[in-house]
Amino acid sequence: MRLITDHEVNLFLNGLSDHAFKIFGSHLLKDEQSNIYATEYTVYAPNAKEVRLIADFNNYEGWKHVLTKIHYQGIYRIEVPGSHEWSIYKYEIHTFDGRVLHKTDPFGFFSEVRPQTGSKVYDINDYQWHDQKWLYEKKKPYQEPLLIYEVHLGSWQRKFGEFNNYNEVVEDLIKYVLECGFTHVEFLPLYEHPLDDSWGYQGTGYFAATSRYGSPKDYMYLVDRLHQAGIGVIMDWVLGHICRDAHGISFFDGTPLYEYNDRHHRENVTWGTDNLDFSKGITRSFMLSALTFWMDYFHIDGYRIDAVSNLIYYLGHKNEGVNHDAINFLRQCSYHLFGKDDRFLFMAEDSTDYPQVTHPVDVGGIGFNYKWNMGFMNDVLKYFKEDSIHRKFHHDKITFGLVYAFNEQFVLPFSHDEVVHMKGSLANKMPGELWRKFANWRLLMTLWMTHPGKKLLFMGQEFATFSEWAFKKELDWHNLAQIEHQKQHRFFKDLALVYRHHPALFQYDHHPKGFEWSVVDDRDQSVFAYIRYSDHEILVIILNMTPNVHHTYEVGVPRAGRYQEILNSDKEIYLGSGQYNGTQLYTTKGDRNGFKYYVKPKLGPLTGIILQFKK
């Protein structure tokens with residue numbers, strides 16, 4: 001039996017253990033020749049009267065395998081001769097008040113396929129990675145293009161109505177992501193969870209890749225192949241609350257072990273979950289170890305932390321007070337994760353106005369390096385839902401975001417939350433008949449792709465699907481057989497190509513030197529124009545938010561010379577009306593919009609154009 005030291009126990013109890021999964025859980029014990037001679041099970045249950053092992057190899061009769069309490073702090077362990085790889089097991093926990101609980105292993109590496117809930121013994125080691133080039137060459141994201149494709153793996157693609165395996169989806173996913181120009185894939189939670197309807201946001205196995213799509217090494221293979229193709233992988237992660245299902249870690253030993261002791265702070269009424277208590281060292285060690293585990297064993301490039309408002313404030317409400325324990329844990333995570341890889345993505349889905357969320361810990365920040373810009377998403381979608389004749393009354397919905405755009409390091413998200421629960425797809429939110437819906441969608445995509453901030457788009461929106469997301473079926477790929485959707489898809493791919501190959505659209509995403517308004521106050525005509533800068537490039541973006549055609553529209557520009565139109569959303573190849581600028585535009589001297597020179601482009605109906613300054 002392996003020894004466990006007081007030092008290891010103290011690290012775990014005091015919230016300083018980042019490798020608790022090496023102590024707890026089931027492990028195959030091997031001799032010097034790598035032959036398995038026993039299987040070891042270790043669990044933390046300090047308030048249990050007795051802990052037994054129930055498994056398929058003992059006919060689920062716990063009296064046959066009673067764990068020994070190997071540490072007075074409540075650590076139980078048993079070593080069973082032989083290899084039990086793939087065996088199904090749970091812990092049978094007897095409480096002092098006479099209850100018997102059947103719990104999956106909190107540190108288990110694999111589980112049965114739902115609706116079954118048992119853990120499986122699994123050898124997590126020895127996957128042969130081939131992504132060394134990616135790990136060595138990937139860059140810090142701040143001055144690089146970052147275009148994230150948010151994916152729910154179970155509904156991106158299906159086979160005869162059933163889930164595809166991790167390694168079955170890999171070829172099509174890589175080909176498609178590269179074709180569309182995305183830099184990263186962000187998967188909705190892929191750790192184990194009991195209910196498909198939760199999309200993974202109510203977890204029970206934080207060290208287990210969900211068995212819906214195959215084995216943990218199948219998922220490793222998916223990540224490995226994505227990396228080899230130059231695509232980063234981000235995991236969506238729920239840090240603050242846990243599933244209440246009886247087999248999970250909620251009330252694990254009959255008491256609120258990892259969650260709050262008091263019911264008021266513990267119960268998350270909105271989601272029907274239990275909030276974790278980060279004043280407890282064991283809770284901090286559990287989650288810190290889980291985040292480390294996926295970095296170490298699955299080569300994950302980043303985390304998107306869900307519902308950060310519920311971590312910053314108790315129960316997610318400012319009037320409940322600031323949760324300093326949770327904030328301090330986020331700072332601890334920041335130090336730890338960036339200490340392992342300073343190119344890591346640590347992103348907050350945060351709807352609060354709490355300051356310095358994306359500022360480093362050593363200057364008083366929380367320590368994320370990105371935050372979802374929920375204000376941008378809400379304001380812009382409200383604006384685009386308005387009929388064009390009313391948009392002049394909502395002009396500030398477009399301009400206000402630049403007031404705070406550089407206070408934090410933002411990702412601009414059009415996520416799954418915006419295209420589900422009767423909200424409609426992005427294209428279907430747009431007003432007007434079919435042609436106007438598509439024109440507005442292209443205009444929305446142009447604004448989003450050229451606005452300061454990194455980008456995230458939920459699957460299906462890149463080909464302007466009209467159906468809102470339904471997780472029980474695959475995306476409406478049949479849309480791409482229709483010429484209208486083919487043309488929208490082509491526009492998105494061309495727009496993404498422009499984004500990735502023009503540093504003015506990403507180099508200074510987080511600094512005001514990368515952005516300048518030109519036309520900001522033409523409320524009556526609902527026209528906007530702004531400049532994006534890099535060290536060696538100037539781009540002018542002009543957005544006509546109405547169907548009115550402007551045969552010449554004067555836009556102030558920062559440099560004299562010629563400007564070449566490199567993208568126009570109104571071209572016929574995108575289903576537009578064909579009102580574009582086929583020749584180069586030369587500047588005229590004269591004060592416009594605070595600049596000494598201006599150009600006079602043609603603006604088609606509901607059109608976004610991008611001009612590049614040519615020396």
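The values are calculated or read from the model by the stated rules, or taken from the named source; none is laboratory data. In this text, all values refer to a predicted model and were calculated from it rather than measured experimentally. Every residue, glycine among them, receives a Cβ derived from its backbone with ideal geometry; neighbour counts consider all protein chains shown.
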Options A405, A439, A427, A464; residue that is farther than 24 Å from F346 by Cα, of a type in the set (A, V, I, L, M), at pLDDT 95 or above and out of contact with any Leu (no Cβ under 8 Å at 6 or more places or on another chain): A427
Subset tally (residues that are surrounded by 15 or more Cβ atoms within 10 Å (Cβ to Cβ), more than 29 Å from L434 (Cβ to Cβ) and at pLDDT below 95) for the stretch 562-584: 0
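Only one of N544, N593 is of a type in the set (S, T, N, Q), modelled with pLDDT of 95 or more and either touching a strand residue (DSSP E or B) at 6+ places or on another chain (Cβ under 8 Å) or over 28 Å from K437 (Cβ atoms) (or both). Can you tell me which?
Numbers: N593 fails: modelled with pLDDT of 95 or more.
Testing whether each residue is of a type in the set (S, T, N, Q), modelled with pLDDT of 95 or more and either touching a strand residue (DSSP E or B) at 6+ places or on another chain (Cβ under 8 Å) or over 28 Å from K437 (Cβ atoms) (or both) leaves just N544.
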Unique match (being over 26 Å from K159 (Cα atoms), in a helix (DSSP H, G or I) and touching a Phe, Trp or Tyr at 6+ places or on another chain (Cβ under 6 Å)) among A427, A439: A427
Which numbered condition Y136 fails, given (1) buried (at least 17 other Cβ atoms within 10 Å of the Cβ); (2) free of Cβ contacts under 8 Å to residues at least 24 places away in the same chain; (3) not acidic (D, E): (1)
Counted residues, the stretch 296-329 - those being among the aliphatic types (A, V, I, L, M), part of a helix (DSSP H, G or I) and within 26 Å of L16 (Cβ to Cβ): 4
Per-region count, the stretch 27-41, residues of a type in the set (S, T, Y), part of a strand (DSSP E or B) and free of Cβ contacts under 8 Å to residues at least 60 places away in the same chain: 1
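Please go through the stretch 602-615 and give me each residue that is surrounded by fewer than 23 Cβ atoms within 10 Å (Cβ to Cβ) and either outside any strand (DSSP E or B) or of a type in the set (D, E, K, R) (or both), ordered by number.
At the first step, the residues of the stretch 602-615 found to be surrounded by fewer than 23 Cβ atoms within 10 Å (Cβ to Cβ) are 602, 605, 612-615.
Result: K602, P605, K614, K615.
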Residue match in the stretch 157-172 (condition: out of contact with any helix residue (DSSP H, G or I) (no Cβ under 7 Å at 6 or more places or on another chain), surrounded by 22 or more Cβ atoms within 10 Å (Cβ to Cβ) and over 22 Å from K472 (Cβ atoms)): no
Pairs where the first residue, in the stretch 3-20, is without any contact (Cβ under 8 Å) to a residue 40 or more places away in the chain and the second is assigned to a helix (DSSP H, G or I) and loosely packed, with under 12 Cβ neighbours inside 10 Å, C-beta under 9 Å, 6+ apart: none
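Look at V357 and say whether it is closer than 23 Å to L188 by Cβ, β-branched (V, I, T) and part of a loop (DSSP other than H, G, I, E, B).
Criteria met by V357.
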Filter pass, S467 being under 21 Å from the mean Cα position of the chain (by Cα) and among the polar types (S, T, N, Q): no
Tally, over the stretch 316-363, of residues that are more than 22 Å from H510 (Cα to Cα), of a type in the set (A, V, I, L, M, F, W, C) and surrounded by fewer than 19 Cβ atoms within 10 Å (Cβ to Cβ): 1
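Just give me the residues in the stretch 383-410 being small (G, A, S) and closer than 14 Å to L543 by Cβ, in sequence order.
Taking the stretch 383-410 as the starting set, the residues that turn out to be small (G, A, S) are 388, 401, 405.
Across the stretch 383-410, the qualifying residues are S388, G401.
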Options E85, E50, E79: the member that is part of a strand (DSSP E or B) and within 26 Å of F293 (Cβ to Cβ): E79
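From the list L381, L337, which residue is farther than 30 Å from M445 by Cβ, in contact (Cβ under 8 Å) with a residue 40 or more places away in the chain and outside any loop (DSSP other than H, G, I, E, B)?
L337
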Positions within the stretch 384-424 being aromatic (F, W, Y) and either outside any loop (DSSP other than H, G, I, E, B) or surrounded by 15 or more Cβ atoms within 10 Å (Cβ to Cβ) (or both), in sequence order: F384, F393, Y404, F406, F410, F414
Pairs, first under 15 Å from S119 (Cα atoms) in the stretch 52-65, second of a type in the set (S, T, N, Q), C-beta under 8 Å, six or more apart: A55/S87; D56/S87; F57/S87
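Okay, residues lined up against (1) under 26 Å from L575 (Cβ atoms); (2) acidic (D, E); (3) free of Cβ contacts under 8 Å to residues at least 24 places away in the same chain:
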{"position": "I398", "(1), (2), (3)": "yes, no, no"}
{"position": "V403", "(1), (2), (3)": "no, no, yes"}
{"position": "M422", "(1), (2), (3)": "no, no, no"}
{"position": "W435", "(1), (2), (3)": "yes, no, no"}
{"position": "A439", "(1), (2), (3)": "yes, no, no"}
{"position": "T446", "(1), (2), (3)": "yes, no, no"}
{"position": "G453", "(1), (2), (3)": "no, no, no"}
For Y533: the one exception among (1) in contact (Cβ under 8 Å) with a residue 60 or more places away in the chain; (2) closer than 20 Å to V403 by Cα; (3) among the aromatic types (F, W, Y): (1)
Residue among F471, F463 that is farther than 18 Å from Y176 by Cα and of a type in the set (A, V, I, L, M, F, W, C): F471
Given (1) of a type outside the set (S, T, N, Q); (2) at pLDDT 95 or above; (3) within 29 Å of K437 (Cβ to Cβ), number of the condition D535 does not satisfy: (3)
